[in-house]
Amino acid sequence: MSGLTLVARDKAKSIGTSLLAREQAWLVSGAILLATFALDPVQGIESALFTAGNLIDVAPFLVLSIGLAAFAGASGADGLIARAFTGSPAIMILLAAAAGGLSPFCSCGVIPLIAALLSMGVPLSAVMAFWLASPVMDPSMFVLTSGVLGLDFAIAKTLAAIGLGLFGGAAVALFTKAGSFSSILREGVGNGGCGGGKVRTVQPIVWRFWTDRSRLSKFSREGLKAALFLAKWLTLAFLLESLMLAYVPANLIAGALGGTGLAPIATATLVGVPAYLNGYAALPLVSGLVDQGMAPGAGLAFLVAGGVTSLPAAIAVWALVNRTVFALYIGLALAGSFISGVLYQLWCIL
């Protein structure tokens, strides 16, 4: 075999391996859907419709955040945005946590915005504060929580959201100061850094970027890349969520959260991480368990942990950031949710 043939074969093999690595989410989603159709055709149809419906629901957030990120990169405004986060870390974390606690993003809907902020070079401490606080509470969730679980519980959940953001942002700031993060985003996602890349390099801003062919090309290229990346991982996440809804009985979750004391709060925190219920669907379950004697603190811990790190959100985060940041995200969510539950339980007792 000639040397030229060997080179061509090795190159083809390398391209195939790279393509397989890049498209593994689509391949896994396709395999799961085919297996579901083969074993349970009715559920296969329901899972396909569920996945498509959720992608449509989250599409406005995807389009908005991807468009803003692509616009910022093409116009050069990303550096301006990043430099806005170079003030006092404490103030940035406080503002991010407060904004997150009032924003109308779900745990999956916030992912595209987080990707955009990190790609712009916004410091991880401020982003993490927003990231942890945002999925827990929003205006409509506050109203519904007040109606189902009472105003006191809704206020406690809002304070838990902001407190979790502050806790996470402060922890990340300390780790960052100690030099723990040399990179944030996974390879190929973007330049997250620690806010350095975009802040240090001052680029001219061209708001009418479409008048520059190279900038217009960058807008299209970056927008398409981000859209495909987020779409494939969210598709897998929603597909898995549909199967959990179908095959994991709700009474199994309910049984694990009963009782009083610290143990149920810890259990609720752990169960809440992979919980398949969205924030709205979980409210009636928690209300029923509280009526049956479950500690209110356990209910709060379940809702907070589930809102931040439900399985669909965790999969999207896994695809977005490196393993160290992912582990920190899970750890902060667990610790913050447990602490929120304990503090609320103490408040109820006092």
Would you mind calculating the gained length between W207 and A38 on full extension (0.36 nm times residue separation, minus the Cα-Cα distance), in nm to one decimal? 55.7 nm
Modelled label-to-label distance, A59 and V143, 7 Å Cα→beta-carbon offset: nm? 2.5 nm
Pull up all non-local amide H partners of V321: gap of 5 or more, or a different chain, and H-to-H distance under 5 Å with H placed in the peptide plane. R186
Say each of W26 and L343 gets a label point 7 Å from the Cα, pointing the same way as Cα to Cβ; how far apart are those two points in nm? 4.5 nm
Quick check: pseudo-label points 7 Å beyond the Cα along Cα→Cβ at S183 and A52, how many nm apart are they? 3.8 nm
For the range 35-50, just list the computed ³J(HN,Hα) in residue order, Karplus coefficients 6.51, -1.76 and 1.60, θ = phi - 60°, integers in Hz, with x standing in for Gly and Pro. 5, 5, 4, 6, 8, 8, x, 4, 5, x, 5, 5, 5, 5, 5, 4
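A short reminder: the numbers here are calculations on the coordinates, not readings from a lab. Being a predicted model, the structure only gives us computed values, none of them experimental. Here Cβ is always computed from backbone atoms with ideal geometry, including for glycine, and neighbour counts include all displayed protein chains.
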